[in-house]
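Undergrad: Mind looking over this structure? Questions follow.
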Amino acid sequence: MPVFAKYRIDSVDVFVWHTTENVKELAYLAGEKNANYAFSAFKGEGRQKEWLATRALLAEVVGRDTVVLYDAFHKPYLSSGGYLSISHTGEYVAVALSCVEPVGVDIELLCRNVEAAACRFVNEGELEKAPYYDRNTFLLCCWCAKEALFKLAGNLGGTFKDNISVDLSSLSLSGSFMANVSGLGHKDSAYRANYVIDKGLLVVLCRNKGLINELN
């Protein structure tokens, strides 16, 4: 079970795995306890594979003895200590691991077309910055950043379109930009988003801006 891709973003490690194994192979890789839970908790094979793939990847990079726990906001963390975020798209699974700071990660296939749905999650200011060339990748980056920020900050209420905005002006193969949360009684906050475009995937990682400034 080789890791498909690995990215180091400051203090955070992001691992991506392309799932080609069947559900029985994933159950073996994830370990007996995880397999028993998956088969009892999820009826559909697709959900079983998704869940087992995450545990198999974690077993590969941090060891089988590590257990994924959830806090009161259903945000995952590791029993061995450290922060964790999880994302799936198609046959790919990603985990972001940090010993220093909370993180949120999201991945998407670059071939996914979100143009038709953009009006639901992109505000007018963001649309104005969307380039004519590679417009879909720009919109995907907006979407992934908002998904990753939701995982990092928890249930913020409101909508991705009205209450989360991203300051993304251009795209390259990797980079960073700011994402902001406002309104709904939530203290206005700014976050850092890093992205990587690689191997047909878009990976976006969100972290707290204030903590990053302290580290730097």
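Undergrad: Give me a count of the residues in region 37-93 that are assigned to a helix (DSSP H, G or I), among the aliphatic types (A, V, I, L, M) and farther than 24 Å from Ala5 by Cβ.
TA: Result for region 37-93: 2.
Undergrad: Among the numbered criteria (1) closer than 27 Å to Glu101 by Cβ; (2) open to solvent by 30 Å² or more (accessible area, probe 1.4 Å), which single criterion is violated by Phe15?
TA: Going through (1) closer than 27 Å to Glu101 by Cβ; (2) open to solvent by 30 Å² or more (accessible area, probe 1.4 Å) one by one, Phe15 breaks only (2).
Undergrad: Out of (1) in contact (Cβ under 8 Å) with a residue 12 or more places away in the chain; (2) assigned to a loop (DSSP other than H, G, I, E, B); (3) among the charged types (D, E, K, R), what's the single condition that is false for Asp13?
TA: For Asp13, the exception is condition (2).
Undergrad: Assess whether Lys75 counts as being over 20 Å from Phe150 (Cβ atoms) and among the charged types (D, E, K, R).
TA: Spelling it out, it is not the case that Lys75 is over 20 Å from Phe150 (Cβ atoms) and among the charged types (D, E, K, R).
Undergrad: If you take the residues of region 68-92 that are farther than 15 Å from Asp13 by Cα and touching a helix residue (DSSP H, G or I) at 6+ places or on another chain (Cβ under 8 Å), which of them is modelled with the lowest pLDDT?
TA: Ser80
Undergrad: What do you reckon, is Ala118 in contact with a helix residue (DSSP H, G or I) (Cβ under 6 Å, 6 or more places away or on another chain), farther than 22 Å from Asn208 by Cα and open to solvent by less than 10 Å² (accessible area, probe 1.4 Å)?
TA: So Ala118 fits the description; yes.
Undergrad: Can you name the number of the only condition in (1) open to solvent by 60 Å² or more (accessible area, probe 1.4 Å); (2) outside any loop (DSSP other than H, G, I, E, B); (3) touching a residue at least 12 places away in the same chain (Cβ under 8 Å) that Lys24 fails?
TA: Here Lys24 clears every test but (3).
Undergrad: Report, by residue number, each residue of region 50-63 that is open to solvent by 40 Å² or more (accessible area, probe 1.4 Å) and over 21 Å from Lys151 (Cβ atoms).
TA: Result: Glu60, single match.
Undergrad: Among the residues of region 161-179, what is the count of those that are under 16 Å from Leu127 (Cα atoms), surrounded by fewer than 14 Cβ atoms within 10 Å (Cβ to Cβ) and small (Gly, Ala, Ser)?
TA: 2
Undergrad: Quick one: what pairs do we get from region 64-87, first residue crowded, with 16+ Cβ neighbours inside 10 Å, second polar (S, T, N, Q) and at pLDDT below 90, C-beta under 7 Å, 6+ apart or different chains?
TA: Thr66/Ser79; Thr66/Ser80; Leu78/Thr66
Undergrad: Is one or more of the residues making up region 92-107 surrounded by fewer than 16 Cβ atoms within 10 Å (Cβ to Cβ), touching a strand residue (DSSP E or B) at 6+ places or on another chain (Cβ under 6 Å) and within 26 Å of Ala193 (Cβ to Cβ)?
TA: Looking through region 92-107, none of the residues is surrounded by fewer than 16 Cβ atoms within 10 Å (Cβ to Cβ), touching a strand residue (DSSP E or B) at 6+ places or on another chain (Cβ under 6 Å) and within 26 Å of Ala193 (Cβ to Cβ).
Undergrad: Here's another thing I want to ask about it. Kindly provide the set of residues from region 133-153 that are over 14 Å from Val203 (Cβ atoms) and open to solvent by less than 50 Å² (accessible area, probe 1.4 Å), ordered by number.
TA: Asn136, Phe138, Leu139, Cys142, Lys146, Leu149, Leu152, Ala153
Undergrad: Against the conditions (1) farther than 21 Å from Asn208 by Cα; (2) among the β-branched types (Val, Ile, Thr); (3) assigned to a strand (DSSP E or B), where does Ile107 fall short? Just the number, please.
TA: The single condition Ile107 does not satisfy is (1).
The values are calculated or read from the model by the stated rules, or taken from the named source; none is laboratory data. Predicted, not measured: the structure shown is a model, and the values here were computed from it. Counting neighbours? That spans all protein chains shown, and the Cβs are built from the backbone with ideal geometry, glycine included. In case anyone asks, the SASA skips ligands and DNA or RNA and just uses the protein heavy atoms, side chains included. Shrake-Rupley method; radii C 1.70, N 1.55, O 1.52, S 1.80 Å.
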